[in-house]
Each structure stands twice: as C-alpha cells, then as structure tokens.
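Contents: one structure, followed by commentary.
Since every read-out is calculated from the coordinates, none of them should be taken as a lab result. Quick caveat: nothing in here was measured; it's all calculated off a predicted structure. Cβ: placed from backbone, ideal geometry, glycine included. Neighbour counts: every protein chain shown.
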Amino acid sequence: MQHEFSVQGMSCQHCVKAIERAVRALDAQARVEVDLAQQRVRVASEQPRAALAQAIRAEGYTVVE
C-alpha cells in the first residue's frame, strides 16, 4: 500500500535518515521516499497509515493530515 504524508520540520539529510529509520523500525521492507523540497514523505508499506504517521511524529516531525 502506498501512503503519502505532508511532513513539516525536515531540512537536511539527517532528517531523511531519521524518518527512514523510524519507518523501517515498523517495517524493514518498507520503501521510503523523502522529498525535502516538497516536504513530502511517501511510504510503500502494509503497515497502517496511523502507525507510520506516529513513527514519524515520534522523531519530532509534524505530520499534517
């Protein structure tokens, strides 16, 4: 399943790695694409959208619904 999130607070490659790590802690096989310029995160995963959003929030970022 493909999920797309609008995420505020991302500014650098450290942010990209932090989000990738958080999502992959839930699903090691997830495909994660982070677009810093558009402030978007796309995740291909079978995990529930709410769980993925919570993992991103736990890293200190704001997920805009």
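Report the one residue of Ser45, Tyr61, Gln13 whose Cα lies farthest in the direction of the positive end of the charge dipole of the chain (charges on C-beta: Lys and Arg +1, Asp and Glu -1; origin at the Cα centre).
Selected residue: Gln13.
Is any residue of the range 33-52 close enough, with backbone N under 13 Å, to a label point placed 7 angstrom from the Cα of Arg24 along the Cα-Cβ axis, and if so, which?
Residues 33-34 qualify, since their backbone N sits under 13 Å from the label point.
With only Lys, Arg, Asp and Glu charged, each at its Cβ (+1 for the first two, -1 for the last two), find how big the charge dipole of the chain is about the Cα centre; round to the nearest 20 debye.
In total the dipole reaches around 100 debye.
Note down the net charge around Ser45, summing +1 for each Lys or Arg and -1 for each Asp or Glu among other residues with Cβ under 13 Å from its Cβ.
Result for the local shell: -1.
Give me the distance in nm between label points sitting 7 Å out from Cα along the Cα-to-Cβ direction at Glu46 and Ala58, one decimal.
Rounded to a tenth, the inter-label distance reads 2.0 nm.
Using only Cα atoms, tell me the angle between helix 13-26 and the longest principal axis of the chain; keep it within 0 to 90° and round to the nearest 10.
20 degrees
For helix 49-58, report the angle its Cα long axis makes with the longest principal axis of the Cα atoms of the chain; keep it between 0 and 90° and round to the nearest 10°.
It works out to around 40 degrees.
Go ahead and estimate [θ] at 222 nm for the chain from helices alone: -39,500 (n - 2.57) per DSSP H run with n ≥ 4, summed, over the residue count, rounded to 500.
Helices in the chain give a 222 nm mean residue ellipticity of -11500 deg cm²/dmol.
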